Amino acid sequence: MSILIDTHVFIWASSGESTLSVKAVDLLTDPDEVIFFSAASSWEIAIKWSKGGLDLPGDPSTFIPEALSNSGYSQLSVNVRDSCLVANLPFHHKDPFDRLLIAQAKANEMRLFSNDPIFKKYDVDVFWV
């Protein structure tokens, strides 16, 4: 099953944060795993960075493409089906980016890699290593 990474996982993995365990890094760098990064996450990063709420080594328009190129992660576009599925999710929280990632994971039958405990309230395969 393919893996969709949460925004913070992407940031930590791309910046070499020690927040990720050795097991998590091994999973993210395993050539047999198909790891996806959602366009919703790039939107979230861009907004938070432009508001001064996120420190990155560079502008998101440079940082994100370089990080994706270096990681080998596949890109996942946001489509109409994914965004409409958000309407069917319970309101365990209101973060629109997280809700879209959950909908994308469900729609595309992906495991969602996140340490956000709220994600486990949704009917989606969430894991953290």
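Points to keep in mind about this one:
- Here the chain is treated with +1 on each Lys and Arg Cβ and -1 on each Asp and Glu Cβ, and its dipole about the Cα centre works out to around 460 debye.
- 27 Å Cα-Cα reach of LYS23 towards lysines, excluding residues that sit fewer than 8 places from it in its own chain: LYS106, LYS120, LYS121
- Whole-angstrom gap from segment 2-24 to segment 34-65, using each part's C-alpha centre: 14 Å
- Residue-averaged 222 nm ellipticity for the chain, from DSSP H runs of 4+ at -39500 (n - 2.57), nearest 500: -13500 deg cm²/dmol
- Cut-off under 5 Å, modelled amide H: who pairs with LEU4 long-range: PHE36, ARG111, LEU112, PHE113
Any read-out appearing in this document is the output of simple, stated calculations on the displayed coordinates, not a laboratory observation. For clarity, every value in this text was computed on a predicted model and none was experimentally measured. Every residue, glycine as well, gets a Cβ built from its backbone with ideal geometry; the counts of neighbours run over all protein chains shown.
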